1. Cβ-Cβ under 7 Å, sequence separation 6+ or interchain: first residue in the stretch 455-477 and assigned to a helix (DSSP H, G or I), partner of a type in the set (Lys, Arg). Which pairs?
2. Tell me yes or no: at least one residue of the stretch 166-177 is among the β-branched types (Val, Ile, Thr), surrounded by fewer than 23 Cβ atoms within 10 Å (Cβ to Cβ) and assigned by TED's automatic domain parsing to the domain that holds CYS348.
3. Within the stretch 366-375, can one find any residue that is among the aliphatic types (A, V, I, L, M), outside the structural domain of ILE132 (by TED's automatic domain parsing), within 35 Å of the chain's Cα centre (by Cα) and in a helix (DSSP H, G or I)?
4. Does the stretch 444-457 contain at least one residue that is modelled with pLDDT of 85 or more, of a type in the set (Asp, Glu) and farther than 30 Å from VAL129 by Cβ?
5. Listed residues VAL129, VAL182, VAL212; which is in contact with a Leu (Cβ under 6 Å, 6 or more places away or on another chain) and modelled with pLDDT of 95 or more?
6. From SER259, SER237, SER227, which residue is among the polar types (S, T, N, Q), touching a Cys at 6+ places or on another chain (Cβ under 9 Å) and at pLDDT 95 or above?
7. Of (1) hydrophobic (A, V, I, L, M, F, W, C); (2) over 30 Å from ILE219 (Cα atoms); (3) in contact (Cβ under 8 Å) with a residue 12 or more places away in the chain; (4) part of a helix (DSSP H, G or I), ALA149 satisfies all except one. Which?
8. I'd like to know if the stretch 339-349 contains one or more residues that are surrounded by 13 or more Cβ atoms within 10 Å (Cβ to Cβ), touching a Pro at 6+ places or on another chain (Cβ under 8 Å) and part of a helix (DSSP H, G or I).
Amino acid sequence: MNYDGYTSPLSQRYASKEMQYLFSQNKKFRTWRKLWIALAETEKELGLNITQEQIDELKAHQDDINYADAEQREKEVRHDVMSHVYAYGLQCPKAKGIIHLGATSCYVGDNTDIIIMRDALDLLHRKLVNVIAKLAQFAEEYKDLPTLAFTHFQPAQPTTVGKRATLWMNEFMIDLEDLEYVRSTLKLLGSKGTTGTQASFLELFDGDNETVDRIDPMIAQKMGFDSCYPVSGQTYSRKVDTRVMNVVAGIAASAHKMSNDIRLLQHLKEVEEPFEKSQIGSSAMAYKRNPMRSERIASLSRYVMVNSLNPAITSSVQWFERTLDDSANRRLSIAEGFLAIDGILDLCLNVTDGLKVYPKVIEKRLRSELPFMATENIMMDAVKAGGDRQELHEKIRTLSMEAGRTVKEEGKDNNLLELIAGDETFPMDLEDLERSMEPSRYTGRASYQVTKYLDEVIKPMLEDNKEELGVTAQINV
């Protein structure tokens, strides 16, 4: 570790080795060489004087990059692409003259960026599917466990623990749909030339438009894409980066919402994130069990959501066919956005795999509020027994206010049932009222909704992606 210089927490603490590799120098420059090979092969197949011996020489040195030569050359010429063309040529003297033939820097730079984003989206897809799978297991296990629901973080009509988890799942499902759509629409830049006109290729192929039309589709096929963007300047539209990073920001927003709920539930002592045997919650308060992983999800998610503004602004200020004020920003915003969301999803995998539920605490809090929520049912039962609905409503309102004062001002338990049982307007005793306090009577269709959602939405998705299941996460800190 470098103790004298800045190191990114994204690589030291948060992002997985898989995501770090996608944004590594090796991935970048090996992809450059694959693109140069694809270009040379295409040009050979379309009739240029390029030999198979030259292609084979390029392939022989596809992965053994001579970094020292490239770095020394870049100090002299201040151009990363031409430095690597030079270094590749040192290793491939027979092919030296045809490397990068007809192309501009964005041929390797932009096409590589698209390839890396595609591969990064694929990694996010796997992790997102597994987060949803973990939540599905949790929802199934706790679909029938009644819990106090909240609106405005004030006690509201009960739901179930499992139903609440489907709310988290549903947001991640929206993200999964967005990810799959944007991933499916990614195209390569292809080889468009200095201003996007392919003038250099028209010159190489003696003005033959039909032949030049074949270049991009052939390169796309060799690199695993269906097609290239039909028109461009020197670069692909930076709006592509905006679309991709909006997907990333959407996942962050969903993770943030879930982590907030878990933090609030941990405050209520109803649900806790995993807490390891030797983990320390506070340097001062030894008893504390802070929701540190959920807090980290929230913290990183805010970074990702704010970072998504970078590609949008960059896209909006590109001048005509090319300007270079995008380069430094994109090196940071795209890579760090993906590294951060990767760390977030690893944390989500870890947290959802070990959520601890405390049914007794959940029941206690629910029962403390349930008499207020049961008043409509109590009133209806009293009407059935011959009572006057309007008179009963006013009585319930008055008694509820009195019980509320008892709880808030005197710090005592909710005594609404005792007050109702002691009022002659209501033809029921305390035992009758307490029998009506079964929490499952007040959760509506929550349990049914969980089963229906899992069966109709989640299970089909998991079946479609079953080869991606089984991903686990290693949390560094």
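1. Final answer for the pair search is GLU468/ARG126.
2. yes
3. yes
4. The answer is no, given that none of the residues of the stretch 444-457 is modelled with pLDDT of 85 or more, of a type in the set (Asp, Glu) and farther than 30 Å from VAL129 by Cβ.
5. Of VAL129, VAL182, VAL212, the one residue that is in contact with a Leu (Cβ under 6 Å, 6 or more places away or on another chain) and modelled with pLDDT of 95 or more is VAL212.
6. Exactly one residue qualifies, and that residue is SER259.
7. The number of the failed condition is (4).
8. No: the stretch 339-349 contains no residue that is surrounded by 13 or more Cβ atoms within 10 Å (Cβ to Cβ), touching a Pro at 6+ places or on another chain (Cβ under 8 Å) and part of a helix (DSSP H, G or I).
The values are calculated or read from the model by the stated rules, or taken from the named source; none is laboratory data. This one's a predicted model, so the numbers in the text were calculated from it and none came from an experiment. FYI the Cβ positions are ideal-geometry reconstructions off the backbone, even for glycines, and counts take in every protein chain you see.
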